[in-house]
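Report on the structure given below.
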Amino acid sequence: MRKIIVLEHVSLDGVIQAPGRTDEDISGGFAYGGWIAPYSDESLGTLLSKQMSRPFDLLLGRTTFEIWERYWPHQADAWPGVNKATKYVASNTMASSEWHPSVFLSGDIAEKVSQLKQQQGPDLHVWGSGNLLQTLIKHDLVDEFWLMIYPLTLGTGKRLFADGTIPAAYRVTQSEVTAKGVIVVNYERADAITTGDQ
C-alpha cells in the first residue's frame with residue numbers, strides 16, 4: 001500500500017500559498033509570493049535534497065502541475081526524480097500534457113486517490129495543490145505531513161488546514177531546526193485523539 005505524504009512550506013499562521021515565487025499564485029489578491037526566499041540556506045537545502053531523493057510519484061492539483069510542467073523539465077539537474085516520477089493530476093479540465101509520465105484523474109478524486117493508495121508503487125508526494133489537499137484531508141487520505149514551518153505570519157492566503165479538516169492525532173517522527181529558524185518536521189498519523197483533564 002502506498003502512503004500519501006504531504007510536503008508543504010507553511011507559515012506560522014498556516015499559509016501555504018505561493019511560497020516560491022512572487023508570481024506563483026496571486027489569486028485572492030495574495031501579495032506575498034516568494035515568502036520563503038529569505039530563509040533558504042544550506043541546512044534547509046540538505047534536508048530538502050534528502051527528502052526529494054527518496055522514491056516517489058507525485059499527486060498534484062492542476063494549478064501546481066501547470067506551474068511545475070513549465071519549470072521542472074528544464075531543471076533535471078536540480079531534481080532528477082521529478083521528471084521520472086509518474087505525475088497523477090487531479091483535474092476535470094485537463095487531460096494531457098507533454099510532461100511524461102502523467103495520468104489525469106477526474107470525477108470522484110477521493111475515490112480515485114483511495115484506489116491509487118491500494119496499488120503497488122512508491123509513495124505519493126503532494127506539494128502545493130491547495131484545493132486537492134483539502135479533499136485529501138477531508139477524506140482522511142493523508143498518512144504523513146512533512147512540513148517546513150517558517151518563522152513568519154502572513155495573515156492572508158490559502159491555508160494548510162482549512163474547512164473540512166477532520167480531527168486526527170499525529171506523532172513526530174523527525175524534526176530539525178535550520179540556522180534561519182525553519183522547523184522541518186515529519187508528522188505521521190497516530191491513534192485516535194485522546195482527551196483528559198490536566
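Below is a table of values for the structure above.
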read-out: Any hit, the stretch 72-85, residues being crowded, with 16+ Cβ neighbours inside 10 Å, modelled with pLDDT of 90 or more and assigned to a helix (DSSP H, G or I); value: yes
read-out: Check on Arg171, under 24 Å from Ser53 (Cα atoms) and among the charged types (D, E, K, R); value: yes
read-out: Residue in the stretch 53-67 that is in contact with a strand residue (DSSP E or B) (Cβ under 9 Å, 6 or more places away or on another chain), surrounded by 12 or more Cβ atoms within 10 Å (Cβ to Cβ), in a helix (DSSP H, G or I) and not charged (D, E, K, R) present; value: yes
read-out: Residue in the stretch 103-126 that is of a type in the set (Ser, Thr, Tyr), in contact with a helix residue (DSSP H, G or I) (Cβ under 9 Å, 6 or more places away or on another chain) and over 29 Å from Ile166 (Cα atoms) present; value: no
read-out: Filter result for Gln174 (of a type in the set (S, T, N, Q), closer than 27 Å to Trp35 by Cα, surrounded by fewer than 15 Cβ atoms within 10 Å (Cβ to Cβ) and without any contact (Cβ under 8 Å) to a residue 60 or more places away in the chain); value: yes
read-out: Unmet criterion (only one of (1) touching a Leu at 6+ places or on another chain (Cβ under 8 Å); (2) more than 24 Å from Gly14 (Cβ to Cβ)) for Arg70; value: (1)
read-out: Residue ID - farthest from Arg2 (Cα to Cα), chosen from residues in the stretch 168-195 that are at pLDDT below 90 and of a type outside the set (D, E, K, R); value: Thr194
read-out: Thr165 vs. criteria at pLDDT below 95 and either assigned to a strand (DSSP E or B) or of a type in the set (Ser, Thr, Tyr) (or both); value: yes
read-out: Matching entry among Thr195, Thr173 (being part of a strand (DSSP E or B) and of a type outside the set (D, E, K, R)); value: Thr173
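Okay, residues lined up against (1) under 13 Å from Ile4 (Cβ atoms); (2) in a loop (DSSP other than H, G, I, E, B); (3) without any contact (Cβ under 8 Å) to a residue 60 or more places away in the chain:
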| residue | (1), (2), (3) |
| --- | --- |
| Glu98 | no, yes, yes |
| Glu111 | no, no, yes |
| Lys117 | yes, no, no |
| Pro122 | yes, yes, no |
| Asn131 | no, no, no |
| Leu152 | no, yes, no |
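Here is a yes/no grid of residues against (1) surrounded by fewer than 13 Cβ atoms within 10 Å (Cβ to Cβ); (2) closer than 19 Å to Ile149 by Cα:
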| site | (1), (2) |
| --- | --- |
| Arg21 | no, yes |
| Ser27 | yes, no |
| Gly45 | yes, yes |
| Ala90 | no, no |
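Every residue, every condition in (1) closer than 22 Å to Gly34 by Cβ; (2) over 17 Å from the mean Cα position of the chain (by Cα); (3) hydroxyl-bearing (Ser, Thr, Tyr), yes or no:
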{"residue": "Phe56", "(1), (2), (3)": "no, no, no"}
{"residue": "Gly61", "(1), (2), (3)": "yes, no, no"}
{"residue": "Glu69", "(1), (2), (3)": "yes, no, no"}
{"residue": "Lys84", "(1), (2), (3)": "no, yes, no"}
{"residue": "Ala110", "(1), (2), (3)": "no, no, no"}
{"residue": "Gln118", "(1), (2), (3)": "no, yes, no"}
{"residue": "Gly128", "(1), (2), (3)": "yes, no, no"}
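The values are calculated or read from the model by the stated rules, or taken from the named source; none is laboratory data. Computed from a predicted structure; not experimentally measured. In this analysis, Cβ positions are derived from the backbone assuming ideal geometry, glycine residues included, and neighbour counts consider all displayed protein chains.
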